[in-house]
Structure formats: structure tokens, C-alpha cells
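Engineer: The structure is given below, and queries will be raised subsequently.
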Amino acid sequence: MLVSFDSEVRKKLLYDFFGSKIGTVAGDHWQCEYEIGLPDNTRRSKADGVDSVQSLLLALKKIGADIYTSEAHKSGKLIWEKRGDGYGFPLPAGIRDLYEGSDRFL
């Protein structure tokens with residue numbers, strides 16, 4: 001997926017579909033790591049879930065939150081396909097009021 005910031009900003013979702021399991025107090029969990037290349041910085045994070053689907057869904061929501069709360073978004077310089085139409089990522093329930101454009105229908 002490409003997002004542009006006056007030029008091209010790269011974003012990649014890194015996911016081990018074979019289940020890069022991590023040990024936690026609650027037992028083994030799945031982990032989804034991601035990296036977002038924004039104009040001002042690169043953000044890396046991960047989401048843990050009880051299974052691969054939950055970890056992927058949580059990572060997608062974290063990506064959406066990272067993008068919508070970024071300075072690049074707040075300044076209006078971050079676009080994907082069409083200015084003001086969102087980025088195609090779901091948001092966590094607490095910040096869904098930030099949705100723009102088509103993202104409101106996610």
C-alpha cells in the first residue's frame with residue numbers, strides 16, 4: 001500500500017503467517033509486526049493476539065491510529081488515492097471520530 005506525502009511514503013506490514021509465537025504469562029500468543037514510513041519518522045510496532053487473525057486485526061487498527069494521529073495527517077499533507085478520503089485502515093473504537101471520507105464505512 002502506498003501513501004503519498006508530496007512524494008511517496010512507504011508503508012509495509014510485516015506479518016509472519018506461520019505464527020511467530022511469543023511466550024507470555026497467559027501462554028503462547030501470535031504477533032504481527034509492522035513498520036510505517038512517514039515523512040518525519042518511521043514507526044515500528046507490533047500487536048499480539050490469541051490467534052493470527054486477532055493479531056493481524058489489532059495491527060491494522062494500530063496502523064490506522066498511527067496514521068490518523070501523525071503530524072503528516074494533521075498537517076493535511078498525507079493522502080492515499082484522494083485527499084480527505086481516508087487511508088483504508090480501521091481505527092480503534094475510542095478514536096473513530098477521526099475517520100475521514102470512505103473510511104467512515106469501514
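Every number here is computed from the coordinates shown, using simple stated rules; none is lab data. Note that the structure is a prediction, hence the values are computed from the model and not measured. Cβ sites come from the backbone with ideal geometry, for glycine too, and all protein chains shown count toward neighbours.
Engineer: Quick one: length gained pulling LEU98 to ASP85 fully straight, 0.36 nm per residue minus the C-alpha distance?
Structural biologist: 3.5 nm
Engineer: Continuing with this model, one more query. Antiparallel DSSP bridges in region 21-106: what percent, to the nearest 5?
Structural biologist: Counting only bridges with both partners in region 21-106, antiparallel ones make up about 100 percent.
Engineer: Still on this model: Pull out the extension gain between GLU33 and LEU106, defined as 0.36 nm times the separation in residues minus the alpha carbon to alpha carbon distance; nm, one decimal.
Structural biologist: Net length gain for the segment: 24.1 nm.
Engineer: Once you place label points 7 Å from the Cα toward the Cβ at SER45 and LYS77, how far apart are they in nm?
Structural biologist: Taking the simple label geometry, SER45 and LYS77 are separated by 2.2 nm.
Engineer: Give the share of C-alpha pairs in each 10 angstrom bin for region 61-106, from 0 to the last occupied bin, in whole percents, shortest bins first.
Structural biologist: Each 10 Å bin holds this share of Cα pairs: 31, 63, 6.
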